Each structure stands twice: as structure tokens, then as C-alpha cells.
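Single-structure report; data block below.
The values are calculated or read from the model by the stated rules, or taken from the named source; none is laboratory data. Just so we're clear, the structure is a prediction, and the values are computed from it rather than from any experiment. Heads up, the Cβs are rebuilt from the backbone with ideal geometry, glycines too, and the neighbour counts pull from every protein chain shown. Just the protein is used for accessible areas: all its heavy atoms, side chains included, with ligands, DNA and RNA removed. Shrake-Rupley method; radii C 1.70, N 1.55, O 1.52, S 1.80 Å.
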Amino acid sequence: MNVILKVILAVYNFFVGDLVILIGVTLTMVILALINSVGALAPLRGGSGLILIVGVLATLVATLGREVMRSENKQKA
Amino acid sequence: MQWAIVIAAFLAASVEFVEAFTLVLVAGITVNWRSSIVGALAAVATLAVIIATLGVALVTLIPIGVLRFVIGFLLLLFGLKWLKNAIQRYSGLKFLHDEEAIYAANLAQARARGEAVGTRLDPFGVLLSYKSVLLEGLEVAFIVISFGSGGSSGIGMAAIGAAAAGVLVILVGALVRSPLQRIPENTLKFIVGIMLTTFGTFWSGESFGINWPFSDLFLLMLAALYLVVSVLLITAMKQRKPRVASATMASEAPMPSQEKEVRI
């Protein structure tokens, strides 16, 4: 494997090691950035904190749901 | 907030140092104590350099707003990873970390080299000890740097917490001279996961200009919320598929060494 790829993979595994968590948290940050910068979304700024917390919890539920599904599929197979 | 930082760093460091101690012990018994201690001290020195240089550079060079966003984001990733693993272990989806099994596997592996135990420095012993302390300590270093960057004067407090954990593990380990099995590793990981996720949410929120109600006191409310949701998730996962646990446990062996999970 390419050395650069190995390094990227090592960094990824060190910090997160789970694509669902990475996508979930990134998506939450992007939504917050949009709310903060786009004028049309300004009315939502008051609920930014709630959106952030819900985003974090949704990510946790999604990644655990994926693990449960994975275990069930393994059991069926 | 300062005490929360000390506690979070102390707990996280305790878990990591207990894991590192197991392999330092293996190196000490199978090779010799001199190599094992030299390797461990060299790793501690490397970690200190990383914290001192990277930590100070981050704090002094990067604007606090940007730093809070980056650190908050990384803490969220890190915290959710720890929390997810701890919840999986509580609900039976994953094996509990077994220091005794890891110790036995690594001991057998090291003894299989078949070399006599001497007193001179042995590269294998030094490297085994150095690698284990450095790898486990890197996560602690990251947590210390994160707290130092995100909060005011937090780096010193976090370093105190981590150092206290290190001293405690070494003292207990020196007395017991066996793997520290009675440390409730998963409980510690669960608490640290909640603390990291809480701080990550708080700081990344502040970087977006969110004014949390009750200021720093909101950290406690956030932690309580994450704790309640996590407990509910554990309960739900246990009830949903009791059979899943046994099926998964039968097909997965505990990790024999320090291998970290690779999952995409």
C-alpha cells in the first residue's frame, strides 16, 4: 500500500475509525456553518445549539444502529 | 471547568496507561526490566516533547476561534468513538478489554523468541515498551493538547491530570507486578467518552457563536444529557437482540495485542 495512503488511514483510525461518525459530525458542522453564513437561514441561528446537540446524538444513534445491523447480518449469515 | 479538564485527562490517561503498562510488564518479564524501563521513559520523553511543541505552537499561532472549531470537531470525533466502543461493550456487542488475555498472548509471543533473559539493553524489549507507551500515550497527548487549546490555561491542568494518572498506574503496577485487571476500563472509557463529547460540543458550538445558557454550567447539563441518552441506548441495544451478543462474541476473539480496530 502507498505510504501516503497508510499515513492517511492511520490518522483516520487514530481520530475516528468510523465513517458514520465522520460523516455525521462533518454534516452537522456544515449545516451550522451554512446557518451562520447564509442570510436566508439567519432565523435558524437561535436554534444552532439544539441543532448541534441533535446532530451529535443522531450520529451516535446511527453508528450504533449500524453496528447492531452488522451483528444481525453476521448472525443470519 | 478546570477541574473537569483535570478529571477528564486523569481518567483518559488512566485507561491508556493501564493498557500500556501490560506490555511494559511483558517486556520487563520476558526481556529485562532495564530495556523495558528505558523504552517506557523514552516514550514518555517523546510524548512530553510532542505536547510541549505542538501544544504551545497551536495555542500561540492559531486564533482562538479557529482553534476552538478544530479542537471541538476533533474532540467530537474522538469522544463519539470512545463512547460508541464503551456502549458496544456494555451492551454485549463487543468484548470487554481483557488485560489478562492480552498479557498472556504477548507473553507467549515474546517468550517464543526463545532468547535468554540478560541484563544488557535489548532492542526488542526497548522497542516493545517504547511502542506500547507511545501508541497509548498519543491519545492522552491529543487530549491534553485539546484541553490546553480549547480552554484557558487548560494545558497545564490537563498535563497534571495525565501525569497523576501515570504516577498512580506505575505505583500500583510496581506493587502488584501483574496486569491491572481490576481497573474498570470500560466504565472509565464511557465517562471519558461522555466528557470528550461534551467538551467537543461546547467548544465547537462556541466557535459558531452559540451562547450556551448558564455559561460553563451548561457543560454539566450537556454531560447529563449524553449520559441519559447513552444509558437508554445501552438498554435498548440489550433488549433488542440478546442473541446478538453471544453470536458476536463467539465469532470475535479479544485483540491479542495493541491492534487498534480498523473500520471504514
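Peptide A:56-62 has a mean shielding of 6, counted as Cβ atoms of other protein chains within 10 Å of each residue's Cβ.
Heavy-atom accessible surface of the range A:1-70, averaged per residue, reaches 52 Å², computed with a 1.4 Å probe. The 3J(HN,Hα) values that the Karplus relation (6.51, -1.76, 1.60; θ = phi - 60°) gives for the range B:121-138 are, in residue order, 5, 10, x, 5, x, 4, 5, 4, 5, 4, 4, 5, 5, 5, 5, 5, x, 4 Hz. Gly and Pro appear as x. Axis of helix A:19-37 versus longest Cα principal axis of chain A: the two differ by about 10°, to the nearest ten degrees.
The HN-Hα couplings worked out from phi for the range A:63-77 by the Karplus form 6.51 cos²θ - 1.76 cosθ + 1.60 (θ = phi - 60°) are 5, 6, x, 4, 5, 5, 4, 4, 5, 5, 5, 5, 5, 5, 6 Hz, whole numbers, x standing for Gly and Pro.
Split the accessible area of chain A by element, probe 1.4 Å, and carbon with sulfur accounts for 76%.
3J(HN,Hα) along the range B:42-56, derived from phi through the Karplus expression 6.51 cos²θ - 1.76 cosθ + 1.60 where θ = phi - 60°, amounts to 5, 5, 4, 5, 4, 5, 4, 5, 4, 5, 5, 7, 5, x, 5 Hz, with x in place of Gly and Pro.
The B-A contact accounts for roughly 3500 square angstrom of buried accessible surface, both chains included, probe 1.4 angstrom. Applying 0.36 nm per residue to the separation of residue B:172 and residue B:37 and subtracting their alpha-carbon distance, the gain on full extension is 47.0 nm. Among the listed pairs B:94/B:189; B:84/B:131; A:74/B:94; A:74/B:238; B:84/B:238; B:84/B:189, a Cα-Cα separation exceeding 19 Å is found for B:84/B:131. For the range B:1-90, which whole percent of the accessible surface, found with a 1.4 angstrom probe, sits on carbon and sulfur atoms? Percent of accessible area from carbon and sulfur atoms in the range B:1-90: 82. Taking a sphere under 13 Å around the Cβ of residue B:222 and counting the other residues whose Cβ falls inside, with K and R at +1 and D and E at -1, yields a net charge of -2.
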